[in-house]
Amino acid sequence: MSLQVVLDQDKCSGLGLCEAEAPEIFEVREDGSLAVLDETPADEHRMACEAAVAACPTEALRLIES
Ligand code: SF4
């Protein structure tokens, strides 16, 4: 099973709570937009990604198993 991160830019408010949980996967840019640094993270990042999704106050993030 591989993991995929899906971001809904329209819902993202750019506060960076996801980056705090998973800084190797998410990065808020200077303009306030969020960059997903790795859309298909390795399994070692799974827990951090799940924490990032849970931390997002606007439900802008989803994880898909494929
Ligand atoms: S926690 Fe959610 S709203 Fe905040 S930057 Fe990350 S994806 Fe966007």
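The values are calculated or read from the model by the stated rules, or taken from the named source; none is laboratory data. Fair warning: this is a prediction, and the values are worked out from it, not measured in the lab. All Cβ positions, glycine included, derive from the backbone under ideal geometry; neighbour counts span all protein chains shown. Accessible surface is based on the protein model in full, side chains and every heavy atom, while ligands, DNA and RNA are left aside. Shrake-Rupley method; radii C 1.70, N 1.55, O 1.52, S 1.80 Å.
Of note:
- Accessible surface, per residue, of the stretch 1-61 when the full set of protein chains is kept, probe 1.4 Å, Å²: 63 Å²
- 3J(HN,Hα) along the stretch 7-13, derived from phi through the Karplus expression 6.51 cos²θ - 1.76 cosθ + 1.60 where θ = phi - 60°, amounts to 10, 9, 4, 5, 8, 6, 9 Hz, with x in place of Gly and Pro.
- Using alpha-carbon coordinates, inclination of helix 46-55 to the longest axis of the chain, degrees: 30 degrees
- Assigned charges on the beta-carbon of Lys, Arg, Asp, Glu; the chain dipole about Cα centre (debye): 160 debye
- When you restrict to C-alpha pairs under 8 Å that are six or more residues apart and normalise by the size of the stretch 3-65, the relative contact order lands at 48 percent.
- Calculation over all alpha carbon pairs of the stretch 3-65 in 5 angstrom steps from 0 returns a P(r) of 4, 22, 36, 26, 10, 2, 0 percent.
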